[in-house]
Amino acid sequence: MAFPPAAPTPTTVRPEIQALRAVAVGAVVLHHGWPAIAPAGYMGVDVFFVVSGYLITALLLREVDRTGRISLREFYVRRARRILPAAMAVLLAVSAATLAFAPYRDWAAYFREIVASTFYVENWRLAVDSQLPASADLESTPVQHFWSLSVEEQFYLAWPLLILLALWILRRRGHSLQRILWVVLGAVTSASFAWSLVLIGSDHNLAYFSTVARAWEFGVGGLLALLASSAPRFFAASGQGVRAAASWAGLALIVVPIATFQDTEAFPGVWVLLPVVGTLAIIWAGLPATRWSTAGVVGLRPVQWMGDVSYSLYLWHWPIFMFVPMITGVPSPPLLMVALVGVSLVVAALSKQFIEDHFRRRRGPVGSHPRVLAGALAFTLAGVVALGSVAPGIAADELACRSQNHRD
């Protein structure tokens with residue numbers, strides 16, 4: 001059952017993966033702030049998906065190699081520490097900002113999506129809404145970007161179970177665990193990709209938001225991690241020059257379509273292969289030891305810092321972009337948008353230090369014990385759900401009262 005050591009080593013911070021995170025979140029922020037510069041900046045989400053699939057699968061494979069099993073409890077607690085505190089803080093902040101700044105007419109839609117995001121089913125909320133003629137255009141809300149986090153969380157729920165299935169087959173049938181994993185994970189990944197191609201022809205919105213149609217992007221990242229574990233020579237066989245070329249080519253496959261692609265109705269489809277293949281190439285190449293490799297760019301301190309705060313930046317930037325025009329009463333001009341990006345970076349840095357790192361490193365009484373963490377998150381969730389249940393009714397009553405006063 002033992003796996004050879006993975007190459008490259010996934011146990012330390014990988015600068016090229018941090019750089020991928022920086023490119024991904026930068027693309028999304030540019031798309032939201034200046035869509036003309038990055039018309040397909042939403043492809044940054046696909047980069048995140050592949051990176052997540054690779055890292056999570058590598059983590060699970062190391063646990064299998066070390067213990068011969070997977071502890072679902074430990075896995076989900078780690079994921080909860082990493083993801084939920086910052087996400088719940090954003091949802092609480094958005095709830096408060098909605099009450100303070102959003103028009104009454106928007107409360108129902110905003111809180112409906114806030115509740116969906118709290119339970120990480122925002123992608124399915126949007127998929128359902130996209131089928132309704134009255135809301136097919138999907139008006140933006142401050143938590144609409146939680147759709148990708150919902151897809152990712154659903155992947156985290158299902159993917160470890162597939163590896164457990166492979167372990168069960170191993171104990172029942174024998175054979176090689178690596179071979180079983182290739183069959184199980186490869187079959188699910190292939191089926192998801194096939195379904196995404198079928199779905200794009202009939203409903204591009206559903207193809208965009210469906211977890212089933214997006215799972216293959218995580219899957220190919222996972223298969224790369226499996227290849228690194230089962231065939232490490234594949235990573236060491238190519239020369240540094242080949243790796244450097246692959247890294248630059250991968251970067252081009254990500255950046256060029258982000259800056260040029262505009263046919264949203266054809267996405268994801270086959271076009272999503274561009275950022276997906278580009279991400280795989282960069283992960284495979286690592287940091288080539290040549291003068292002309294991407295290492296010089298990847299290693300820049302701002303790039304690494306951006307990758308480090310990418311999760312918090314993704315969470316916070318869109319609510320900031322959304323609520324400022326509500327406060328000012330006018331769309332944000334270009335110079336203000338630059339300032340809002342700066343504010344988003346500062347908030348992301350604070351969120352990373354005082355929320356993400358605090359809970360992940362188990363510092364302080366709240367982050368020190370899983371039950372305390374679970375209690376705090378449950379309390380936050382209950383508060384958000386309560387607001388989501390009560391606030392729309394208050395808004396409806398207020399609108400009805402205003403309508404009556406206007407008639408009178």
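In segment 256-279, what count of residues is obtained for those that are over 30 Å from L60 (Cα atoms) and either among the hydrophobic types (A, V, I, L, M, F, W, C) or without any contact (Cβ under 8 Å) to a residue 60 or more places away in the chain (or both)?
Qualifying residue count for the region: 7.
Per-residue answers, yes or no, for (1) within 27 Å of Y208 (Cα to Cα); (2) not β-branched (V, I, T):
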| site | (1), (2) |
| --- | --- |
| L61 | no, yes |
| R73 | no, yes |
| I83 | yes, no |
| A86 | yes, yes |
| Y104 | no, yes |
| A109 | yes, yes |
| F119 | yes, yes |
| T141 | yes, no |
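Please find, within segment 280-289, the residue that is nearest to I254 (Cα to Cα) out of those that are of a type in the set (G, A, S) and assigned to a loop (DSSP other than H, G, I, E, B). Write out each step before concluding.
Taking segment 280-289 and keeping what is of a type in the set (G, A, S), we get 281, 285-286, 289.
In the following step, the residues that additionally are assigned to a loop (DSSP other than H, G, I, E, B) were identified as 286, 289.
Values: G286: 16, A289: 22 Å.
Among those residues, the one meeting the criterion is G286.
What are the residues in segment 300-310 that are open to solvent by 30 Å² or more (accessible area, probe 1.4 Å) and either in contact with a helix residue (DSSP H, G or I) (Cβ under 6 Å, 6 or more places away or on another chain) or in a helix (DSSP H, G or I) (or both), if any? Steps first, please.
First, the residues of segment 300-310 that are open to solvent by 30 Å² or more (accessible area, probe 1.4 Å): 300-306, 308.
R301, P302, V303, Q304, W305, M306, D308, listed by residue number.
Is segment 82-93 home to any residue that is of a type in the set (G, A, S), over 16 Å from the mean Cα position of the chain (by Cα) and on the phi > 0 side of the Ramachandran plot? Even if it seems obvious, please write down each step before you answer.
Residues of segment 82-93 that are of a type in the set (G, A, S), as a first pass: 86-87, 89, 93.
Keeping just the survivors that are over 16 Å from the mean Cα position of the chain (by Cα) gives 89, 93.
If we keep only those that are on the phi > 0 side of the Ramachandran plot as well, we get none.
Scanning segment 82-93 turns up no residue that is of a type in the set (G, A, S), over 16 Å from the mean Cα position of the chain (by Cα) and on the phi > 0 side of the Ramachandran plot.
Which of the residues spanning segment 297-339 are touching a residue at least 24 places away in the same chain (Cβ under 8 Å), more than 21 Å from the chain's Cα centre (by Cα) and within 20 Å of L92 (Cα to Cα)?
Of everything in segment 297-339, those that are touching a residue at least 24 places away in the same chain (Cβ under 8 Å), more than 21 Å from the chain's Cα centre (by Cα) and within 20 Å of L92 (Cα to Cα) turn out to be F323, M326, I327.
Do we find a residue being over 23 Å from V29 (Cβ atoms), of a type in the set (S, T, N, Q) and free of Cβ contacts under 8 Å to residues at least 24 places away in the same chain anywhere in segment 162-185?
If we filter segment 162-185 for residues that are over 23 Å from V29 (Cβ atoms), which is where we start, we get 162-185.
From what is left, the residues that are of a type in the set (S, T, N, Q) are 176, 178.
When the remaining residues are screened for being free of Cβ contacts under 8 Å to residues at least 24 places away in the same chain, the result is 176.
Yes, some residue in segment 162-185 is over 23 Å from V29 (Cβ atoms), of a type in the set (S, T, N, Q) and free of Cβ contacts under 8 Å to residues at least 24 places away in the same chain.
Of the residues that sit in segment 280-299 and are among the aliphatic types (A, V, I, L, M), modelled with pLDDT under 95 and farther than 16 Å from G26 by Cβ, which one is surrounded by the most Cβ atoms within 10 Å (Cβ to Cβ)? Quick ask: steps written out before the conclusion?
In the first step, residues of segment 280-299 are kept if they are among the aliphatic types (A, V, I, L, M); the result is 280-283, 285, 287, 289, 295, 297-298.
With the extra rule that they be modelled with pLDDT under 95, the set shrinks to 285, 287, 289, 295, 297-298.
Right, trim to farther than 16 Å from G26 by Cβ and you get 285, 287, 289, 295.
Numbers: A285: 25, L287: 21, A289: 11, A295: 19.
The extreme case among them is A285.
In segment 311-342, which residue that is among the aliphatic types (A, V, I, L, M), in a helix (DSSP H, G or I) and open to solvent by 70 Å² or more (accessible area, probe 1.4 Å) is farthest from S148 (Cα to Cα)? It would help to see each step written out before you state the result.
Initially, segment 311-342 is screened for residues among the aliphatic types (A, V, I, L, M), giving 313, 315, 320, 322, 324, 326-327, 330, 335-341.
Add one more test, that the residue is in a helix (DSSP H, G or I), and what stays is 313, 315, 320, 322, 324, 326-327, 335-341.
The next check asks that each one be open to solvent by 70 Å² or more (accessible area, probe 1.4 Å); those that pass are 327, 335, 338.
On the way: I327: 27, L335: 29, V338: 25 Å.
Top of the filtered list is L335.
For segment 257-279, name all the residues that are part of a helix (DSSP H, G or I) and open to solvent by 40 Å² or more (accessible area, probe 1.4 Å). Give the derivation first.
To start, the set of residues in segment 257-279 that are part of a helix (DSSP H, G or I) comprises 257-260, 264-266, 269-279.
Once the filter is applied, which keeps residues that are part of a helix (DSSP H, G or I) and open to solvent by 40 Å² or more (accessible area, probe 1.4 Å), segment 257-279 yields A259, T260, T264, E265, V270, W271, L273, L274, V277.
Could you give me the residue pairs with C-beta distances under 9 Å whose first residue belongs to segment 365-387 and is β-branched (V, I, T), whose second residue is modelled with pLDDT of 65 or more and open to solvent by 60 Å² or more (accessible area, probe 1.4 Å) wherever it lies, and which are 6+ apart or on separate chains?
V366/V372; T380/L92; V384/L92; V385/F119
Any chance you could count how many residues in segment 67-80 are within 24 Å of the chain's Cα centre (by Cα), open to solvent by 40 Å² or more (accessible area, probe 1.4 Å) and of a type in the set (S, T, Y)?
Of the residues in that region, 1 qualify.
What residue, of F354, F379, is of a type in the set (A, V, I, L, M, F, W, C), under 30 Å from Y76 (Cβ atoms), open to solvent by 40 Å² or more (accessible area, probe 1.4 Å) and modelled with pLDDT of 90 or more?
Values: F379 fails: modelled with pLDDT of 90 or more.
None of the other options fit; the residue is F354.
The values are calculated or read from the model by the stated rules, or taken from the named source; none is laboratory data. Treat the numbers as computed from the prediction; the structure is a model and nothing was measured. With ideal geometry, Cβ positions are generated from the backbone for all residues, glycine too; neighbour counts draw on all protein chains shown. Accessible surface is based on the protein model in full, side chains and every heavy atom, while ligands, DNA and RNA are left aside. Shrake-Rupley method; radii C 1.70, N 1.55, O 1.52, S 1.80 Å.
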